[in-house]
Amino acid sequence: MLCVATDIISTVEFNYSGELLATGDKGGRVVIFQHEQESKNRPHLRGEYNVYSTFQSHEPEFDYLKSLEIEEKINKIRWLPQQNAAHFLLSTNDKTIKLWKISERDKRAEGYNLKDEDGRLRDPFRITSLRVPVLMPMDLMVEASPRRIFANAHTYHINSISVNSDHETYLSADDLRINLWHLEITDRSFNIVDIKPANMEELTEVITAAECHPHQCNVFVYSSSKGTIRLCDMRAAALCDRHSKFFEEPEDPSSRSFFSEIISSISDVKFSHSGRYMMTRDYLSVKVWDLNMENRPVETYQVHEYLRSKLCSLYENDCIFDKFECCWNGSDSAIMTGSYNNFFRMFDRNTRRDITLEASRESSKPRATLKPRKVSTGGKRKKDEISVDSLDFNKKILHTAWHPKDNVIAVAATNNLYIFQDKIN
């Protein structure tokens, strides 16, 4: 039996202000980090992230009808915009989505009439006077409580959840269907996309990711394992079987190979904050699409082109099926995605410059500047370069997040979370 480490991070997400950062892991836990304010005594820290709350979001379950174990691993976390002092987030495993409330308590009520301070009930016949309970200060306590549980709506594994811009609804996607939920209603959802064929032997593609538009609550996109993206408008029909736009890059026949279909599968799709562009990640590249141009991407960035010659061995060790995520910076001027050997890549869209950095304990001493890394693809290897043959494919950065306002990034490398910020002069 294969033993899986439960502390491997499976999702990373900043909230809308960047004040909080949530991670989910394979053991069903959610850990929330809070940005500490700068202190005058230690300005060089410029606000670190410290643990704010930890709670068990999902437990392992068993589907008795299908004789299947449902693992507790957190597939996605999505924050809701903050409306009051409390914070709300959605977390999901393969089958069940939960809405969590994270709130603070620093006062407790004392002086009850019907119970003692230790909680025991008092004899009502011995109560001779009425007391007015008072609120007394106490040590700060952060509580996480489940407010809603959205279950029994997905036959297949949930791969995406996305909160709509109306802040009242959200969508959840599995391999073959996308459902639209209202945050207040747990016992029903609306099926808005269904690509399941009548005969499962005719199945040619699956849904790999889905996301709501950041400003238009009727628009969403979903990507497929065939490398295509469909944009749908919920105003057109209740069931969005017919897309409004279809984004696909024509394949170059000269580069066709046995692996073409596998490496063209899209593992992540993200709208830009402006809503004008979207970004997709496939196995070897990141593409930026203008929503007004469907026939090809406006920008293509090679993440690790040097692996094209290694696809055979990556297929044999199953790495070719790894699902890398991608993210935008707050101003949509730069994008980031992960690679192998704990490398992650950043691309500046304005200057077209790119950089490879490494998230590892050796290279990431606190307050140390990260040095750019280079991979040598053959011939003579320079002193600072690493050979493509010595890359460690077990060390991979699948999950990254970028602070919505500042140049602060979070990078999950197996069971370690690295937080980097731009250098202060």
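Below is a table of values for the structure above.
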| read-out | value |
| --- | --- |
| Residue 213 accessible area, 1.4 Å probe, all protein chains in place, Å² to nearest 10 | 10 |
| Whole-number accessible area per residue in Å² for the chain, which is evaluated in the context of all protein chains at 1.4 Å | 55 |
| Residue-wise HN-Hα coupling along region 224-229, computed from phi with Karplus coefficients 6.51, -1.76, 1.60 (Hz; x: Gly, Pro) | 10, 6, 8, x, 10, 10 |
| Relative packing of peptides 115-121, 93-99, 150-156 - highest average C-beta neighbours within 10 Å first | 93-99, 150-156, 115-121 |
| Per-residue HN-Hα couplings for region 300-312 [Karplus 6.51, -1.76, 1.60; θ = phi - 60°; Hz; x = Gly/Pro] | 10, 10, 7, 8, 8, 4, 5, 8, 4, 7, 9, 4, 5 |
| Cross-link table 365/423; 196/310; 245/287; 66/95, entries beyond 22 Å C-alpha to C-alpha | 196/310 |
| Where trypsin sites (Lys or Arg not before Pro) fall in DSSP loop in region 307-387, at most 14 other Cβ within 10 Å | 352, 353, 361, 367, 380, 382, 383 |
| Solvent-accessible area, 1.4 Å probe, carbon plus sulfur percent, for region 223-382 | 48 |
| For residue 158, distant residues with modelled amide H under 5 Å away | 95 |
| Amide H partners (placed H, <5 Å) of residue 267, local residues excluded | 281, 282 |
| Antiparallel %, DSSP beta bridges [both residues in the chain], to 5 | 95 |
| Peptide ranges 324-335, 233-244 listed from the most packed, as the mean C-beta count within 10 angstrom indicates | 324-335, 233-244 |
| Burial ranking of peptide ranges 405-411, 49-55 (average Cβ count within 10 Å, highest at the top) | 405-411, 49-55 |
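The values are calculated or read from the model by the stated rules, or taken from the named source; none is laboratory data. Computed from a prediction, not measured in an experiment: that's the story for all the values here. Please note: Cβ atoms are built from the backbone with ideal geometry, for glycine as well, and neighbour counts cover all protein chains shown. What goes into the accessible areas is simple: the full protein's heavy atoms, side chains included, and nothing from ligands, DNA or RNA. Shrake-Rupley method; radii C 1.70, N 1.55, O 1.52, S 1.80 Å.
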